[in-house]
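One structure is given below, encoded as structure tokens.
The values are calculated or read from the model by the stated rules, or taken from the named source; none is laboratory data. This is a predicted model, so every value here is computed, not measured. Don't worry about glycine lacking a Cβ; one is built from the backbone with ideal geometry, like all the others, and counts go over all protein chains shown. These area figures cover heavy atoms from the full protein model, side chains too; ligands, DNA and RNA do not enter into them. Shrake-Rupley method; radii C 1.70, N 1.55, O 1.52, S 1.80 Å.
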Amino acid sequence: MNIVLIGFMGAGKTTVGRMLADRLGYAFVDMDEEIERATGLSVNRIFETCGEAAFRERETALTARLAGRDRQVVSCGGGWALNPGNVARMEDSSKLVYLKASPDTILRRTGGDSSRPLLNVSNREDRVVSLLGTRAPVYLSVADLVVDTDDITPEQVSEKILEEAEKWAP
Ligand code: S3P
């Protein structure tokens, strides 16, 4: 079994993913980091020079590779779950965990960080509210488990997932 962390930018997927992988003894894959390593370019740079569509193709190609593996925690970029093909590739071998966060939490956690091209806009709050409005229903519809991360630490988020993981892979 794999655990796939989905949710909006700033939800804590990378931090929690690392912790979970460590606790479970699973491999950890952060999709953005993997794409950056493979291309030698930052996500910002890929969006700038090749466009978002090229980044999405990379995400999908990486998903195809990960789908054949087992015992990994995968932290996806915030747009990954919006492509039904990505979800379909992973869902048989994985549990999808939606790390939920409110716009306020997202703005707080991503503030001062310019590494996310979709948030490098003049009105970040409007962008977060509108993107989350369309994405949240999708995250919810594909998730096996939803963890609200607003008022708890990454350690507590990991604990909640670990409790469920025992039922999934005792
Ligand atoms: C994106 C989220 C980012 C990264 C890219 C696009 C998105 O990942 O994949 O900037 O569409 O929400 P994080 O969710 O890890 O920030």
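Some points to look at:
This table checks each residue for (1) touching a Ser or Thr at 6+ places or on another chain (Cβ under 6 Å); (2) of a type outside the set (D, E, K, R); (3) away from the ligand (no atom under 12 Å from the Cβ).
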position	(1), (2), (3)
GLY17	yes, yes, no
ASP22	no, no, yes
TYR26	no, yes, yes
GLU34	no, no, no
ALA38	no, yes, yes
LEU41	no, yes, yes
CYS50	no, yes, yes
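- Those residues of segment 12-40 which are touching a helix residue (DSSP H, G or I) at 6+ places or on another chain (Cβ under 7 Å) and either within 19 Å of VAL87 (Cα to Cα) or outside any helix (DSSP H, G or I) (or both), in sequence order: GLY12, ALA27, PHE28, VAL29, ASP30, MET31, ASP32, GLU34, ILE35
- Candidate set from segment 52-78 (those that are open to solvent by 30 Å² or more (accessible area, probe 1.4 Å), more than 9 Å from the ligand (Cβ to nearest atom) and not hydrophobic (A, V, I, L, M, F, W, C)); member that is modelled with the lowest pLDDT: GLY68
- Options SER42, SER102; residue that is touching a residue at least 60 places away in the same chain (Cβ under 8 Å) and surrounded by fewer than 20 Cβ atoms within 10 Å (Cβ to Cβ): SER42
- Within segment 105-122, being over 18 Å from the mean Cα position of the chain (by Cα) and open to solvent by 70 Å² or more (accessible area, probe 1.4 Å) holds for GLY112, ASN120, SER122.
- The residues of segment 1-11 that are over 23 Å from LEU131 (Cβ atoms) and part of a strand (DSSP E or B), listed by number, are ASN2, ILE3.
- Considering (1) under 14 Å from the mean Cα position of the chain (by Cα); (2) within 12 Å of the ligand (Cβ to nearest atom); (3) more than 20 Å from LEU140 (Cα to Cα), the lone condition that ALA11 does not fulfil carries the number (3).
- Yes/no for GLY17 being within 16 Å of PRO154 (Cα to Cα), out of contact with any strand residue (DSSP E or B) (no Cβ under 6 Å at 6 or more places or on another chain) and surrounded by 13 or more Cβ atoms within 10 Å (Cβ to Cβ): no
- GLY85 under 25 Å from GLU57 (Cβ atoms) and either in contact (Cβ under 8 Å) with a residue 60 or more places away in the chain or assigned to a helix (DSSP H, G or I) (or both): yes
- Identity of the residue in segment 123-157, of a type outside the set (A, V, I, L, M), outside any helix (DSSP H, G or I) and over 19 Å from SER94 (Cβ atoms), that ends up least open to solvent (accessible area, probe 1.4 Å): THR149
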